[in-house]
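Only one structure is covered here, and it is reproduced in the block below.
Please treat every number below as a calculation from the coordinates, not as lab data. Note that the structure is predicted; figures quoted are calculated from it, not measured. Because the Cβ atoms are built from the backbone with ideal geometry, glycine has one as well, and the counts that use them run over all protein chains shown.
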Amino acid sequence: MWMGRPTPFFTYPQLVTAEYRKIHSTHPKITYVHPIEMVKNWKSYQEQFDFIVSYSSIEHSGLGRFGDPLDPKGDLREMQKIQCLLKRGGLLFLGLPCGADALVFNAHRLYGRLRLPMMFQGFKFLNMFVGNAAGPVQVTDEMFNEPKEEMQPTFVLQRE
């Protein structure tokens, strides 16, 4: 969940990948941890990360699809966990499907005018990137008017 594509980040001394499926890597800078183990040992990870990458992950939290317990606030709780893991001023690169707010049970959520601000609580919005755009794009009202599952921007947020 945290580090999906580590290649541009190899200037960092260590990358930690938290994922439900075990990842096998022989690279000395990549460490794997199961999310349950990360939660059990959360104090050793508290405020340890300069950045976190999460893409196509949190919108499934709490819906039971992957064996997790049902929790209507599962996605919001994951955001709180990420806050605990990030250093102050650390960056979160967050990919979420956007459109009109919706729950497609038990697959995923769509984030719009209602739930997206809840997800960003405790973070400062910096930028949004969509598809093949050459740079950041503006957030517009139109992106929240109807369900658009194919629109999954990456938000750049900074922990306050």
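Provide 81, 87 in ascending order of the number of other Cβ atoms located within 10 Å of each residue's Cβ, fewest first.
87, 81
Could you tell me how many degrees, from 0 to 90 and to the nearest 10, lie between the Cα long axis of helix 74-85 and the main elongation axis, the longest principal axis, of the Cα atoms of the chain?
The answer is roughly 40 degrees.
Going by average Cβ density within 10 Å per residue, which order do the peptides 102-110, 20-28 take, highest to lowest?
Highest to lowest by the protection proxy: 102-110, 20-28.
Find how many whole Å separate the alpha carbon centroid of segment 73-95 from the alpha carbon centroid of segment 16-69.
Between the Cα centre of segment 16-69 and that of segment 73-95, the gap is 12 Å.
If you compute Cα extents along the principal axes in Å for the structure shown, which of (i) 55, 47, 23; (ii) 45, 38, 28; (iii) 49, 38, 26 do you land on?
(ii)
Could you work out the relative contact order of the chain, using alpha carbon pairs under 8 angstrom and six or more residues apart, expressed as a whole percent?
Contact order relative to length: 21 percent.
What residue among 17, 140, 31 has the largest mean-square fluctuation in a Gaussian network model of the chain, using Cα springs under 10 Å?
140
What is the set of long-range amide H partners of residue 90 at a cut-off below 5 Å, with H atoms built 1.01 Å from backbone N?
Correct list: 159.
Which residue, chosen from 139, 63, 18, occupies the Cα position most advanced towards the positive end of the dipole of the chain, where the dipole is computed from +1 (Lys, Arg) and -1 (Asp, Glu) charges on Cβ about the Cα centre?
Result: 18, furthest along the dipole toward the positive end.
On a straight-distance basis, which lysines could pair with residue 22 in a cross-link, Cα separation under 21 angstrom, same-chain partners fewer than 8 positions away excluded?
Correct list for residue 22: 40, 81.
When the label point is put 7 Å from the Cα of residue 139 along its Cα-to-beta-carbon vector, which residues of segment 59-98 have a backbone N closer than 13 Å?
94, 96, 98
Classify segment 61-113: rounded, prolate or oblate, from the alpha-carbon gyration tensor (a ≥ b ≥ c, eigenvalue square roots; a/c under 1.5 rounded; otherwise prolate if a/b is larger than b/c)?
oblate
Rank 97, 13, 35 by mean-square fluctuation in a GNM of the chain with C-alpha springs under 10 angstrom and give only the top-ranked residue.
Among 97, 13, 35, the largest GNM mean-square fluctuation belongs to 13.
Go ahead and run the numbers for FRET between residue 24 and residue 87, Cβ-Cβ distance against an R0 of 45 Å, rounding to 0.05.
That gives a FRET efficiency of 0.95.
How much length, in nm to one decimal, is gained on full extension between residue 55 and residue 33, taken as 0.36 nm per residue of separation minus their Cα-Cα distance?
Fully extending the segment from residue 55 to residue 33 adds 6.2 nm.
Counting other beta carbons within 10 Å of each Cβ, put 61, 44, 56 in order, fewest first.
Starting with the residue having the fewest Cβ neighbours, the order is 44, 56, 61.
Please give the charge dipole size of the chain, origin at the Cα centre, charges +1 on K and R Cβ atoms and -1 on D and E Cβ atoms. Round to the nearest 20 debye.
It comes to approximately 560 debye.
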